[in-house]
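Take a look at the structure set out below.
The values are calculated or read from the model by the stated rules, or taken from the named source; none is laboratory data. These numbers were taken from a predicted model, which means no experiment stands behind them. Glycine also receives a Cβ, built like all others from the backbone with ideal geometry; neighbour counts cover every protein chain displayed. Just so you know, the surface numbers come from the protein's heavy atoms only, side chains and all, with ligands and any DNA or RNA stripped out. Shrake-Rupley method; radii C 1.70, N 1.55, O 1.52, S 1.80 Å.
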Amino acid sequence: MGLNLNDKKAVVEEVSAKVATAQTIVVAEYRGIQVAHLTKLRAAARAQGVYLRVLKNTLARRSVEGTQFASLADSMTGPLIYSISDDAVAAAKVINDFAKTNDKLVVKAGNYAGKQLDVAGVTALASIPSREVLIAQLLGVMQAPVSGFARVLAAVAAQKGEGSAAPAAEAAEA
């Protein structure tokens, strides 16, 4: 059963609200995927904070109209699933990781911050570590000199402690 006009307007509003805050949209063709596999994909997307939805292409085009993602409208043909995320790499990572295990999910295109991405671009975006991992790596790099210095000081203190403790122990034995 098709959607009536009010339902279509509600869908366009909902998707437009997601698109307004999004950094990345990835579009993939899902023809031939079993429902159980799509359920797993949706669960993975939910866990990553990605908005994942199967939409009518005309409604999706209306949702991206007048936004930085408007160039994606040319790629909106066929049965598509739309992955939208506020995180720069989450949408691409969810779709790309699932496409590795299921060959029926075919990445068609993507858009990151207004820049059109082809399949290779989406794959490259998906290979970038997430924001949290990058922050952790940066903190590790920043802490390395300080923690190394602390280890050296602890080793020097331990050496001096052993050196002064040894004569005291010999004096106590005598």
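General observations
- The conditions of being more than 20 Å from ASP87 (Cβ to Cβ) and out of contact with any Lys or Arg (no Cβ under 8 Å at 6 or more places or on another chain) are met by LEU55.
- Residues that are among the polar types (S, T, N, Q) and open to solvent by 50 Å² or more (accessible area, probe 1.4 Å) were ranked within segment 1-47; the one that is farthest from TYR112 (Cα to Cα) is ASN4.
- Among the residues making up segment 80-133, a single one is open to solvent by 50 Å² or more (accessible area, probe 1.4 Å), part of a strand (DSSP E or B) and among the hydrophobic types (A, V, I, L, M, F, W, C): VAL106.
- Complete set of residues in segment 48-74 that are surrounded by fewer than 19 Cβ atoms within 10 Å (Cβ to Cβ), among the hydroxyl-bearing types (Ser, Thr, Tyr) and either in contact (Cβ under 8 Å) with a residue 24 or more places away in the chain or in contact with a helix residue (DSSP H, G or I) (Cβ under 6 Å, 6 or more places away or on another chain) (or both): THR67, SER71
- Within segment 89-104, residues that are within 13 Å of GLY49 (Cα to Cα) reach partners that are open to solvent by 50 Å² or more (accessible area, probe 1.4 Å) and among the β-branched types (Val, Ile, Thr) with beta carbons closer than 6 Å, at six or more positions or on different chains, in the pairs VAL89/ILE128.
- For segment 12-33, the criterion of being of a type outside the set (A, V, I, L, M, F, W, C), part of a strand (DSSP E or B) and either within 15 Å of SER85 (Cβ to Cβ) or touching a Gly at 6+ places or on another chain (Cβ under 9 Å) (or both) is met by at least one residue.
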